[in-house]
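The values are calculated or read from the model by the stated rules, or taken from the named source; none is laboratory data. Here the structure is a predicted model, which is why all the values come from computation and not from measurement. Glycine also receives a Cβ, built like all others from the backbone with ideal geometry; neighbour counts cover every protein chain displayed.
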Amino acid sequence: MNITIDVKDINSTVEVQVKGEIDAYTAPKLRESLFPLSEQANVSMVVDLTEVSYMDSTGLGVFVGLFKSVRAHNGEFKLIGLSERLRRLFDITGLADIIDIKSHAEGGLE
Amino acid sequence: MEFKDNLEGKYREALSSFLKDQTEQALYQGQKISRKTMENRVSPEEIISMHKSILMEVCPGDPQKILDSFDFLMEVMMGYGIAYREHQSLRHQQQELKSEIELAANVQHTLLETKIPDVKVMDIGAISVPARQMSGDYYHFVQDENQNIGVAIADVIGKGIPAALCMSMIKYAMDSLPENRHAPSSVLESLNRVVEQNVDPSMFITMFYGLYNPDSHVFSYAAAGHEPGFYYEASTDTMSDLDAKGLLLGVEKKTRYRQYEKQVEPGDMIILLSDGVTECRTSEGFIERETLMQFIRNNLHLGAQEIVNNIFKQLEKMQHFELRDDFTLIILKRDV
């Protein structure tokens, strides 16, 4: 039930590293820490999920919400470091076609 | 007040007995009094005050300082008394809420109730179990005037009461679709617009909609971000994913959904599920789709309703009888 969220916010470039599990209990925390950041004009937000061990559909809801919010503020939103299981979740839901995502093999934050 | 007089008598008795020879029996009396006082909402400071006056009665020669110390103790205990009364009132409120949620769950159950159609050509089984009191899963059967069987299975992203409320809206949106618009792709396109306009932007719905034509035995279907079901082909005895791609409902207003078709032969089976089924977590990890396929395979010889019941029991057991997510499984089997 644990999650840690590291945020680097430099001139509307937001780099986020999430560790742990994203489920109904931790999703509100994720939403609260990232939503205000997504509302900056022309924000560029990259969320690294390399160390996320579990995510259920509630987590998906948070990312779709963030994606829409960033887009509404003319920004860019990207998810990186997705495990095969997470990648599948985005594929099934059709979100992989509209959100910029990269899996493990394609590299994460430096 | 009768209780309090009675209490004083009992307390005096137990305390005198204890001061006389410190028996376990007297201590036990003390415990009994403690329970009684809680039942009758006597505050801690009242007990100390009673203790003090009884002590003065039974040992009149006690040093004044000890008696004074009880006044101090009473002050200290006052906070506990307040906390205790708050606790009592919260407990009461909690019980009220609980029974209101129970009522709401019943209402939801009635609202979303659906009847498995009784048709000659098909054996249909369905099970849906919420993880908490109210479910964010939903399934529904309709039969139109041409005897086509429509089947919907949906899962709200999000759990608990908000998800449940959202589901009721979907059900009404579906009921108000025109009779002639039951083609799966257009059902999803209509619902997508409803969800996009009316639901909180961080709430989404995955849905699978299928339509079975009992004359041609063609099953047409479309999906919006829903966990793929399975298809069992009797002639080759193989099982495959019932793939259908499409975006979640409520993300993009103008989403188009692709419609797929499948010719269903005697003995073939269509298996639909919510992601609660494959997201089941056991102590060893997740339940893989292969495991689930094997479960279905082991139960192939049974009737559709027995199969879904058995699989639920097996998955529940693997998770030590604790559901983390709502769970829905539907099987449509063409009779041989």
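Among the residues making up region B:37-70, those that are touching a Lys or Arg at 6+ places or on another chain (Cβ under 8 Å) and either surrounded by 13 or more Cβ atoms within 10 Å (Cβ to Cβ) or under 19 Å from B:S17 (Cβ atoms) (or both) are B:V42, B:S43, B:I54, B:E57, B:V58, B:L67, B:F70. Look at (1) among the charged types (D, E, K, R); (2) in contact (Cβ under 8 Å) with a residue 12 or more places away in the chain; (3) part of a loop (DSSP other than H, G, I, E, B) and you find that B:K254 fails only one, number (2). Please verify whether B:S240 is in a loop (DSSP other than H, G, I, E, B), at pLDDT 90 or above and away from chain A (no Cβ under 14 Å), treating the condition exactly as stated. For B:S240, the condition - in a loop (DSSP other than H, G, I, E, B), at pLDDT 90 or above and away from chain A (no Cβ under 14 Å) - is not met.
Being surrounded by fewer than 24 Cβ atoms within 10 Å (Cβ to Cβ), in contact with a helix residue (DSSP H, G or I) (Cβ under 6 Å, 6 or more places away or on another chain) and at pLDDT 95 or above is a property that does not hold for B:S202.
Yes or no: B:T110 closer than 30 Å to B:M169 by Cβ and free of Cβ contacts under 8 Å to residues at least 40 places away in the same chain? So B:T110 fits the description; yes. Taking the numbered list (1) loosely packed, with under 15 Cβ neighbours inside 10 Å; (2) over 21 Å from B:F18 (Cβ atoms); (3) modelled with pLDDT of 80 or more; (4) among the hydrophobic types (A, V, I, L, M, F, W, C) in turn, B:V76 passes all entries but (3). The condition of being touching a residue at least 24 places away in the same chain (Cβ under 8 Å) and surrounded by fewer than 18 Cβ atoms within 10 Å (Cβ to Cβ) does not hold for B:N192. Residues in region A:82-110 that are under 23 Å from A:N11 (Cα atoms) and either assigned to a helix (DSSP H, G or I) or at pLDDT 85 or above (or both): A:I99, A:D100, A:I101. Looking across region B:1-24, the residues that are farther than 25 Å from B:G61 by Cβ and exposed (fewer than 11 other Cβ atoms within 10 Å of the Cβ) come down to B:M1, B:E2, B:D5, B:E24. Kindly indicate whether A:S69 is out of contact with any Cys (no Cβ under 6 Å at 6 or more places or on another chain) and over 22 Å from B:T206 (Cα atoms). Here the answer is no, as A:S69 does not meet what is asked. When each of B:R334, B:R281 is tested for being basic (K, R), at pLDDT 90 or above and on the phi < 0 side of the Ramachandran plot, the lone residue that passes is B:R334. Filtering region A:15-42 down to residues that are aliphatic (A, V, I, L, M) and part of a loop (DSSP other than H, G, I, E, B), which residue is surrounded by the fewest Cβ atoms within 10 Å (Cβ to Cβ)? Among residues in region A:15-42 that are aliphatic (A, V, I, L, M) and part of a loop (DSSP other than H, G, I, E, B), the one surrounded by the fewest Cβ atoms within 10 Å (Cβ to Cβ) is A:A41. B:D62 - would you say it is outside any helix (DSSP H, G or I), in the same structural domain as B:S16 (by TED's automatic domain parsing) and charged (D, E, K, R)? So B:D62 fits the description; yes.
All conditions but one from (1) among the β-branched types (V, I, T); (2) within 10 Å of chain B (Cβ to nearest Cβ); (3) crowded, with 21+ Cβ neighbours inside 10 Å apply to A:I99; the one that does not is (3). Could you check, for region B:204-213, whether at least one of its residues is farther than 22 Å from B:D137 by Cβ, part of a loop (DSSP other than H, G, I, E, B), away from chain A (no Cβ under 11 Å) and in contact (Cβ under 8 Å) with a residue 40 or more places away in the chain? No: region B:204-213 contains no residue that is farther than 22 Å from B:D137 by Cβ, part of a loop (DSSP other than H, G, I, E, B), away from chain A (no Cβ under 11 Å) and in contact (Cβ under 8 Å) with a residue 40 or more places away in the chain. Within region A:43-57, if we keep just the residues that are surrounded by fewer than 24 Cβ atoms within 10 Å (Cβ to Cβ) and within 10 Å of chain B (Cβ to nearest Cβ), the residue that is farthest from B:D326 (Cα to Cα) turns out to be A:Y54. Would you say A:R31 is of a type in the set (K, R) and within 21 Å of B:G246 (Cα to Cα)? Against the criterion (of a type in the set (K, R) and within 21 Å of B:G246 (Cα to Cα)), A:R31 does not qualify.
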